[in-house]
Amino acid sequence: MKMGKMPSGFAATLRRVEGETKVLRFSLITAIIFSSVLHKMTVFLPRENKFFDLFEELADKAVEAADLLADLGTKYSVLPQISEQLRMLEEDADSIVHQIIQGLYYDHTRVTEEKGDIRYFAHNLDNVIDGIEKAVVRLSFAQKQEAPESVTEFSPIIKEASEEIRTAVHCLRDLKCEESTLEACCIRINELENEADKVNRKRLRVLMTTPVEDPNELLDRLLLKEIVEILEDTMDQCEDVANIMETFRLKGGI
């Protein structure tokens with residue numbers, strides 16, 4: 001049985017649908033090719049170098065903050081002034097991070113994952129400064145005439161870690177030239193974090209097992225416990241900074 005001739009209207013519709021399908025298929029293939037070419041082109045576009053300047057400035061702020069924390073060992077009488085200096089440093093650091101984030105919005109030479117790495121790096125480095133400032137604020141509430149042992153034991157560790165971070169950050173401009181230095185800094189920061197863990201356990205053990213003879217000392221004891229935890233978290237942030245720099249190194253740059 002022979003099929004009848006297809007109605008002219010239906011045939012015209014079928015031809016139009018087939019034509020639109022071909023156009024859609026061509027457009028999709030073109031878009032995929034263009035996207036691939038554009039991604040490859042971004043590899044050869046000049047990268048924004050202003051981020052390196054901001055990273056180095058932020059790392060310098062972290063060293064300044066760690067130096068002020070270390071100064072409490074011999075300059076505890078000027079705790080209010082040191083606390084104010086740290087507050088100003090923390091505000092400066094926040095401003096630098098804001099500049100980095102704003103720069104990422106208008107940076108078209110990096111993919112989203114790379115921008116996320118940079119954002120994470122900047123926030124963690126800022127958290128180092130924030131942690132130091134937070135610990136000193138808590139310390140100003142305690143009724144102490146000299147820096148407690150928890151601070152004097154943590155401060156040299158944090159100070160050295162911040163200096164290692166600064167050295168490593170200055171290596172980020174040329175990973176191939178300074179790769180061994182960057183790796184050594186990250187390894188040392190990890191070692192320092194392990195030292196901080198030991199101090200943390202030691203100080204918490206003392207705070208939790210030493211009897212409180214004067215009820216008025218209870219608040220100080222709670223404040224010191226919080227300070228120990230903040231300083232330990234600050235060292236964790238230092239290690240996070242080192243880890244993301246290792247990620248930069250593995251990816252061949254920022």
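Calculate, for Gln102 and Ser180, the FRET efficiency according to 1/(1 + (r/R0)^6) with r their C-beta to C-beta distance and R0 35 Å; round to the nearest 0.05.
Details: r = 34 Å, r/R0 = 0.96.
Computed FRET efficiency for Gln102 and Ser180 comes out at 0.55.
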TODO: Taking just the C-alpha trace of the stretch 51-151, give me its Rg and Dmax in Å.
DONE: 16.1, 54
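Take the residue pairs Lys75/Lys159; Lys75/Lys202; Lys144/Lys198; Lys159/Lys202; Lys50/Lys115 and return only those whose Cα atoms are more than 22 Å apart.
Lys75/Lys202; Lys144/Lys198
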Open item on the list: Using a 7 Å offset from the Cα along the Cα-to-Cβ direction at both Arg173 and Lys75, what is the distance between the two label points in nm, to one decimal?
Closed with: 2.9 nm
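Please rank Thr234, Thr209, Thr74, Thr152, fewest neighbouring Cβ atoms within 10 Å first, as an exposure proxy. Walk me through the numbers before you get to the answer.
Working: Thr234 28, Thr209 7, Thr74 11, Thr152 16.
Fewest-to-most ranking of Thr234, Thr209, Thr74, Thr152: Thr209, Thr74, Thr152, Thr234.
Using the C-alpha atoms of the stretch 191-237, what convex hull volume per residue, in cubic angstrom, is computed? Show your work: numbers first, answer last.
On the way: hull volume 2.2 nm³, N = 47.
Roughly 47 Å³ of hull volume per residue.
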- [ ] Rank these for me by crowding, Arg166, Arg205, Arg221, going from fewest to most other beta carbons within 10 Å.
- [x] Arg205, Arg221, Arg166
Task: Cα pair distances of the stretch 113-254 binned at 5 Å [whole percent] - done: 2, 10, 19, 19, 16, 11, 9, 7, 4, 2, 1, 0
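Could you line up Cys186, Cys238 from fewest to most neighbouring Cβ atoms inside 10 Å?
Working: Cys186 21, Cys238 29.
If I rank by nearby Cβ atoms, fewest first, I get Cys186, Cys238.
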Task: Kirkwood hydrodynamic radius over Cα pairs of the stretch 56-115, then Stokes diffusion coefficient at 37 °C and 0.692 mPa s, in µm²/s - done: 246 µm²/s
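Here, each number is a calculation from the coordinates, and none is a lab measurement. The structure displayed is predicted, hence computed values, not measured ones. Positions of Cβ are backbone-derived with ideal geometry, glycine not excepted, and every protein chain shown enters the neighbour counts.
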